[in-house]
Every structure is written in structure tokens, then in C-alpha cells.
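The values are calculated or read from the model by the stated rules, or taken from the named source; none is laboratory data. Just so we're clear, the structure is a prediction, and the values are computed from it rather than from any experiment. Here the Cβ is made from the backbone with ideal geometry for all residues, glycine too, and neighbour counts use every protein chain on show.
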């Protein structure tokens, strides 16, 4: 019998996943502070849906339930999707999205380790295509908004779709800067006039730019903990910045500057939490650079020329398709083999 | 001194060691066993010496049960080119030569010589050799009797690494990295016997003719480093302190660390002019030449779950139980023993196994010391394994291919470059026993290759058999024809049958002698597809062939096994045939004079034909040999084609020769 090595020293899958959840907390905290406690309700709903569907699917597939529920991968999918959709959305939206992500995008492919696509992004894409109106209605950050919703108001809206009598939905929500930018540019407005709109913040969207900063801190933690390497975030953000910089240099009146693109939409969030999903991503160092750079370029192109305000989900899914190819062509040189 | 050399020197200095990709930092556990000096063991009641303690052929037993042997006496001698001798570790009586359980991963029993020590420990007469001045070839050849094998764990016979037919060596690297946790036998050896180590290095240097000598030691052994640095002061040996990164002790990794040279897995470092020896091995070389002591003991780390971990000088064949006792006994919760380190070692089948030449360390294991791994989770493609792989493989891909039995793809991803160091398993968050998957895949690939080879051989043999049956059929027809002709001739001559029968016998003997000669001459150059046949069968085939040729009856389709050996046999048989004809000529000459010239001419024609045939065959064989040696399916076909062509040519040549002879005769 030969079962060496007899010693191992690796964090378990559970502890890796838990650290990812931990890294999301600063972002969630700033999110809840700026947009109200409604996100917490969405997160709870998402978590419950994820665990329930995962358990049912594991049972149906005759797989052990307990070890796979306690790996927390389903919870990560749930949280990522919950954080990606608008905070004021009816309860069934997140339930449908998470259920689709877990059942179709994860379990039907074989569960943990076998899903070729990022489940959270599949869930997001399905929701965006199916319910485009709800998915693009983002509330202005409450701390800056004139109309404020209490936690109970948000609770009621999520579950019964009812707002307090004197408040209309339009008063609460507004277009996101990326969305606004796109429509205004179509109306032949120049960047100078567009960017004075109140929804613009210091470098990105008012409010959400701080959430992005909190995600950045969480990402730094993951890097420090060696859960992620520098390749994916750097290449992704670098590609967005390079694309934005190029277009901005060509015509600053028609294209937003790179910093705006880095801190708008899901750039930071995606760089540290979406692209870094190891299962659906490439494994070689070079491959990670290509994968993330490709996703960055596509994200930018969808933002500027596409039909949706942000393009992260489509970019990631498209690049997921390319992963086997990328991995195959980016094999590192084996020790002693020709240079 | 001119500037460029200085700059080159400076550059060299700044890059003292070359770090390889990957590797892991392991908890060392070395302090456990290196606190006490190397201990000596009392003589055990019995020594069990497995014949197979090394890589290579099993040595030949030179003693019988009941024989009295002296310490250092050769009891089994090296057999074949890759093998190592076994010596009696102490004086005593051969108690048994039988199968016993070996310290091997398989746990299977194998042949062992058991010695009951007489307690006197009497040495046989020793013959020291002057390794500083003696003839290098003589010294190296004498190592065949030394029983020395690589003591780092691989147990490869050392003599082969020193043989003169190797590539020239300019650099000698002494492996003292000892990168696996727990093991400290080399550490202690360097601390206590540094002077002998230096002499050992000098022996290896002399035998190899190496100019550049470095000894690589991991920086977690400061005492050993200090001892060696002091010991090499007035020599040209460099002590290279390498970082403590597992697996720095892997020969190819160490060569890279100290020289920056990447030796691929399918090549030997000697092709790059570099030879690597374990530090304990060179010491064994020194003791063999200086004192005439063959390999009878080694230093073993006895550590882990024992009361007093320590290094011991252990006679080969000492039962593990005896060693454990010397280390203060195993703690109560000891579950089993591991031979080697915790990264690449293996479970020993029992406490009764003997210590062998490969045993550098024995770890008493318990479930608290080595926790059983949790059930494996699916791979999450985190690529930590790829980051840890010292060969820059993609373990996650190899795992995938091995798991799905996609061995071809696994080989595309360089499965056989894997050194099974276990670094990937060590860092796997999903606790997947990755190395086991690679071992499985490798063994499957090897088994499949073997099966393919066997199938090819079987196919070839079957084709040959069919050809032989066909030939025998033709031969029978020929015989009938010949007999009919013979009857006619006899009628004409009016001779009795008894005389030719006697001469036939004589001729047959001559033919057999010729055959045997030809066989002997060409034995070494046996072709692949005929190696499995007995000499008699081969000769028979050749004889039939030549008979047919001589009779001018060769058909175009005669796929004989064709090469120069065959040609020689044919020629020899033709000679024998001629001789036979001579005899018969004598016997008939008295009765009928008219037949004489006919027989004579006939004979000449036959000889000519045979010689021509042999020449053509030889040329064909030569052509075949030069036309490409790469094996593979294609070549097999080409080979076959060539044989058929040669046969056709041969037949044609023989026919035309016979015709010319006949014409001559008619004229």
C-alpha cells in the first residue's frame, strides 16, 4: 500500500469559500448603509433558496448532502447574485435567479467543480433577459436620495410590491450612470454636460463608488490570504482601463474617462469576486491574463456599444466558453522541455 | 585579468542558486531525530537479506544453507549488467534461503538469505585499494563486488554510474539536500563523518574525472553546512547552501538549484556532463576502497512515534523490530511504519521486515501524527497544485485525464514528467490523492504498451507460422518430386539404396556442425521476430530454404526470415550440401562414369546459386538495417516488404544461377 504523501497542509474548500464570504462583508456593510437594509433581506432570501435547491438537487442526484452544503459554494453563488441585482426588487426575482443558477447552471452540470459557467452570472443573465425593466431599475443611494425608504418600507416592497402611499417608484429609482451616459450620448449630449448630473459621484456613480472601494478592500484581503492571485483582477481592470483610456484619448467628449469605468457598474466587484471563480475560469497563469483581459474588453464594448448598461455577465459567460481553449494554449513550459 | 572575465565571475556570484518553479515548504520535524549522535545497534538474533535490495537483476546466490560465512563475505554476486552484490553483514551461519516479506510497497514476499550471527563479528580478509593512484578502470570494475547502491533511496547500483562507457563528466553534484521531513541520516553523517565524506567525494571525483564539484545542502542544516565547509577548506569542493524547499533533494531539481541546468525527465544528467551522488553513497565508496569494506550497513533515521528518535548505523538485514527497540520502543498508539519520508515513503507490511540498502528513514506512524485524509471533494480548479508543481505540470488536468482513463491526453500533458513528489497532493484543498491518480495512469499506460507489444509479437509469430506451414507443404511436394527423380536416377545407375543412406548420415552430421557454427557466429545479432524460436527451428527453416534453393525449386513467395544470419546459415548449409554431394559422387563414380560430370556441374551450380543467394540476402539485410531503425507499425510493414523483396530477389538469383549452370552443363 502506498498512499504518500502522508501530510497535507491546505485550507479546506469550505474555509476558502468562507473567506470569500468574509471578503464580501465590507462591501455588504457599505451597501446596506448607503441603500438601506433591503439588501440584507435579499441576501437571506438568496441564501435560503440556494441551500434549499442545492439540497434537493443533491438528494435527487443521490449525492451526500451534508458535505456539499457545508462547502458554502452555493452560498457564494447566492450572495454574488443578490449583490448583482437591484436592491429593490420583488422577492421572487432573486429566488428565480438563484434557483436557476443552482439547479441549471451548477447541479445539472454535475455540481461543485463541474460547472463550465459562472452560476451567478448565468442567473444574472437569465434575469436580465427575462425581466429587463426590473433589472435596470436601481434606486439612488438612500443617503443621497431625497426620498428615503425605511427598512420596513423596503421589506414591504420586496414582498408585496407596495410602497408607502406618498412615494412613487420613480422617485426612488433612477438610471445608473452607465445607463444615463449611454442614453444621453445618444441624444448628442457631450460628456461635460452629462457628468454634472447628480447621479455622478467623485469618480464613479454616486454611492456605489464607495461600495466598489469596499469590494476592493475585500479583494485585497483575498489576495493577501492567497485565495486569489493578482492575475485576474489586474488583467480585467487593466483591460477596462486600457480600452476606456484609448477611447477617451481619441474623443473625451464622447467617452468617459478610465477611472469612471473602473468605479462604475460591476468593474471592481467582478474583478475580485466574479472572475476569480476558479471552477469556471482558466488555471494557467497566462490563461488567467488572457481570460480576464478578454472579459474586460468585452465588458467595455458592451457598455459603450451594447444594448445593456453593463456587460460583465455576458463577458464572463463568453470567456467561460473559451476556458478549455485558453488552458490548452497557455500550458506553461514543463521543466527541462524546450524553451 | 581582463574585464569580461571578472564581470562573468561577478554575475556568476550573484546567482549562487537557481530557484525552481513551485515546491512547498514543509514542517520539518528534523529536530526530533538529530539530537543524539549516530547510535550502534547490538547484533540481532537473525539477519534477513533480501536478494532484491536494488534496482536491477536479482543477484546469484553463492552460498548454501548451513554454510558458515564471515563478515563482508560475498553471499550473492551481481548478475547481468544492472545488479548489485550482497555481503554477509556479520559472521554466522546461513540459516535459510527462502521467501520472506520485503520492505516494498507491494508487500509481497521475495527471496531472502537468512543469517544466524555467531556473535564473533569476524571479518573476512579485506583488500583495500589505492584509489588515489590505482587504475581507474580496475577500481570501477572492482565495484561490481562492492554491493554499493545509491543510498538516497533509489538504490541504483553505483558501479553503473561510474562505468567508463558513460558520457564525459565535468561536474559532480553531491546530494545532501535531504529535503523530506523527519529524515536526518545525511545530516548526522555530515556532522560526524565529514572527513570521510570529503574523501568519498574525492574518490568519486577521481573515478569520474570531474573538475567541478559541489555539494548541495538545504539551509535547515546549519551544523552540517558548517562541518562540511570546514572539511572542504583545502579542496576544490564547493558547499552550496540551497533554500529549504521540497523537493530540492530530487536530483534534477538539485542540479538546477546549483547549476541552473534543466535536465528533462527522459534524459540523464550525465548527458549534460553532470553526475549526482548521494552523500552517503560516496562515503560507502571511500570505505570500500580505503578499507576494503563492502556495503553491509547504512545509517537509518528511526523517528516518528518512538520514545527516543535517533539515527543508527544498521546492518542490512536487521529486522525493523530490533531497530524500533533500540529507539526506546514505539509508543502505544503506533499503527504502522513508514519507510522513507512522509511525502514519498510507503507503508511497511509489518514490523518484521528487514532494513535494506534503500531504507534511509523509518517513521513510526499513528493516526495523530498522520491524520487520515478527509474524503476527497471535487477539484475546484484552484490551481494550487500547478503553483506547487516543481516540474511545471498541470496537475489538475492530469488528474482529470487520469480519472477519466484518458491516458493519451495525460501523456500529451507530460504525465511521465511527473516525479511523484506529492507537492500537489500536499496543497490540494479538496484532499484529492493526486499522486495516486498519476501512479495509476502511469502503470496503466505501461501495461497497455506491454500488451500492445505482446500483441505485435503474437501477430508476427502467427504470420511466421503460416509461412512455415506453407513452406513445409511445398517442401513435401519437392521431396516427392526429388524422390521420383531419385528413383529414376537409381534405375539408370542400377545402384542399391543402402550406400547413399550411410553417406546421407555423414552429410547430415556435417550439415549440423555447419549449422551450429553459423548459429554461434550470428547469435548476438538475432533479429526481433526470430528471437523466440529455438536454434533448431531456425536451422530447420534455413535448411529447408537452402534445400529448395539448391534444387532450383524456389517459389517467388517465400517470406523467410531474411538477414545476414540467415544468409550465413544458408551458405554453410550449401557448403555442407556440397560435401554431401562429394561423398555421393565418390560412391557413384565407380559404377557409372557418365553421371560424374553431370553431378559435378550440378554441384557447382548449386554452390554458385547458394553463394549468390547469400550475397543478395546479405545486401538486403544491410539495406534493411540502414533504411531506418525507428520502430512503429509503419516500420513493421516496411520490414515485411523488404523481406518479401529480398526473398523474391533471392529466388530469382538462384533460378538464374541454376539456369546458367544448366546451360553450361548442356554445352
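Applying the condition of being in contact with a strand residue (DSSP E or B) (Cβ under 7 Å, 6 or more places away or on another chain) and within 13 Å of chain A (Cβ to nearest Cβ) to region B:261-273 and asking which residue is surrounded by the most Cβ atoms within 10 Å (Cβ to Cβ) yields B:269. Would it be correct to say that residue B:329 is at pLDDT 90 or above, away from chain A (no Cβ under 14 Å) and on the phi > 0 side of the Ramachandran plot? So residue B:329 passes the test.
Table: residues versus (1) buried (at least 22 other Cβ atoms within 10 Å of the Cβ); (2) out of contact with any helix residue (DSSP H, G or I) (no Cβ under 8 Å at 6 or more places or on another chain); (3) at pLDDT 90 or above; (4) outside the structural domain of residue A:308 (by TED's automatic domain parsing).
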{"site": "A:152", "(1), (2), (3), (4)": "no, yes, no, yes"}
{"site": "A:164", "(1), (2), (3), (4)": "no, no, no, yes"}
{"site": "A:183", "(1), (2), (3), (4)": "no, yes, no, no"}
{"site": "A:190", "(1), (2), (3), (4)": "no, yes, no, no"}
{"site": "A:229", "(1), (2), (3), (4)": "no, no, yes, no"}
{"site": "A:247", "(1), (2), (3), (4)": "no, no, yes, no"}
{"site": "A:264", "(1), (2), (3), (4)": "yes, no, no, no"}
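Checked against (1) at the interface with chain A (Cβ under 10 Å from one of its Cβ atoms); (2) surrounded by 20 or more Cβ atoms within 10 Å (Cβ to Cβ); (3) under 23 Å from residue A:9 (Cβ atoms), residue B:337 passes all but condition (1). Of the helices (runs of 4 or more DSSP H) that lie entirely inside region A:1-75, those containing 1 or more residues that are within 12 Å of another protein chain (Cβ to nearest Cβ) span A:13-35, A:65-69.
For every residue, the table says whether it meets (1) without any contact (Cβ under 8 Å) to a residue 60 or more places away in the chain; (2) within 14 Å of another protein chain (Cβ to nearest Cβ).
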site: B:421; (1), (2): no, yes
site: B:446; (1), (2): yes, no
site: B:462; (1), (2): yes, no
site: B:466; (1), (2): yes, no
site: B:471; (1), (2): no, no
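Considering B:289, B:277, the condition of being over 23 Å from the mean Cα position of the chain (by Cα) and either more than 24 Å from residue B:107 (Cβ to Cβ) or within 14 Å of chain A (Cβ to nearest Cβ) (or both) is satisfied by B:289 alone. Evaluated against (1) closer than 30 Å to residue B:326 by Cα; (2) over 33 Å from the mean Cα position of the chain (by Cα), residue B:429 falls short on exactly one condition, (1). The listed residues are B:36, B:41, B:49, B:102, and the only one of them that is under 19 Å from residue B:288 (Cβ atoms) and either modelled with pLDDT under 95 or more than 14 Å from chain A (Cβ to nearest Cβ) (or both) turns out to be B:49. Consider region A:271-291 and keep the residues that are more than 14 Å from chain B (Cβ to nearest Cβ) and farther than 22 Å from residue A:110 by Cβ. The one that is surrounded by the fewest Cβ atoms within 10 Å (Cβ to Cβ) is A:290.
Determine whether region B:299-308 contains at least one residue that is under 28 Å from the mean Cα position of the chain (by Cα) and not assigned by TED's automatic domain parsing to the domain that holds residue B:427. Taking every residue of region B:299-308 in turn, at least one turns out to be under 28 Å from the mean Cα position of the chain (by Cα) and not assigned by TED's automatic domain parsing to the domain that holds residue B:427. The set of residues from region A:91-119 being assigned to a helix (DSSP H, G or I) and within 14 Å of chain B (Cβ to nearest Cβ) comprises A:106, A:107, A:109, A:119. Does region B:391-409 include one or more residues that are crowded, with 21+ Cβ neighbours inside 10 Å, at the interface with chain A (Cβ under 10 Å from one of its Cβ atoms) and in contact with a strand residue (DSSP E or B) (Cβ under 9 Å, 6 or more places away or on another chain)? For region B:391-409, residues crowded, with 21+ Cβ neighbours inside 10 Å, at the interface with chain A (Cβ under 10 Å from one of its Cβ atoms) and in contact with a strand residue (DSSP E or B) (Cβ under 9 Å, 6 or more places away or on another chain): absent.
In region A:294-303 there is no residue that is within 14 Å of another protein chain (Cβ to nearest Cβ) and touching a helix residue (DSSP H, G or I) at 6+ places or on another chain (Cβ under 8 Å). Any residue that is more than 30 Å from residue A:232 (Cβ to Cβ) and either away from chain A (no Cβ under 14 Å) or in a helix (DSSP H, G or I) (or both) - is there at least one of those in region B:340-353? Yes - at least one qualifying residue is present in region B:340-353.
In the set (1) within 7 Å of another protein chain (Cβ to nearest Cβ); (2) out of contact with any strand residue (DSSP E or B) (no Cβ under 9 Å at 6 or more places or on another chain); (3) buried (at least 24 other Cβ atoms within 10 Å of the Cβ), residue B:414 fails one condition alone, (3). None of B:140, B:203, B:197 is in contact (Cβ under 8 Å) with a residue 60 or more places away in the chain, in contact with a strand residue (DSSP E or B) (Cβ under 9 Å, 6 or more places away or on another chain) and either surrounded by fewer than 21 Cβ atoms within 10 Å (Cβ to Cβ) or not in a loop (DSSP other than H, G, I, E, B) (or both) except B:197. Checking each residue in region B:302-339 for being assigned to a strand (DSSP E or B) and more than 19 Å from residue B:89 (Cα to Cα) picks out B:302, B:303, B:304, B:306, B:310, B:330, B:336, B:337, B:338, B:339. Note on region B:374-383: residues that are in contact with a helix residue (DSSP H, G or I) (Cβ under 6 Å, 6 or more places away or on another chain) and more than 7 Å from chain A (Cβ to nearest Cβ) amount to 0. Report whether or not residue A:134 is away from chain B (no Cβ under 14 Å), more than 17 Å from residue A:57 (Cβ to Cβ), in contact with a helix residue (DSSP H, G or I) (Cβ under 9 Å, 6 or more places away or on another chain) and part of a helix (DSSP H, G or I). So residue A:134 passes the test. Filtered by the rule that a residue be at the interface with another protein chain (Cβ under 7 Å from one of its Cβ atoms) and surrounded by fewer than 20 Cβ atoms within 10 Å (Cβ to Cβ), region B:354-373 gives a lone residue, B:373.
Given (1) in contact (Cβ under 8 Å) with a residue 40 or more places away in the chain; (2) closer than 30 Å to residue A:3 by Cα; (3) not in a strand (DSSP E or B), identify the lone condition not met by residue B:129. Of (1) in contact (Cβ under 8 Å) with a residue 40 or more places away in the chain; (2) closer than 30 Å to residue A:3 by Cα; (3) not in a strand (DSSP E or B), only one is false for residue B:129: (2).
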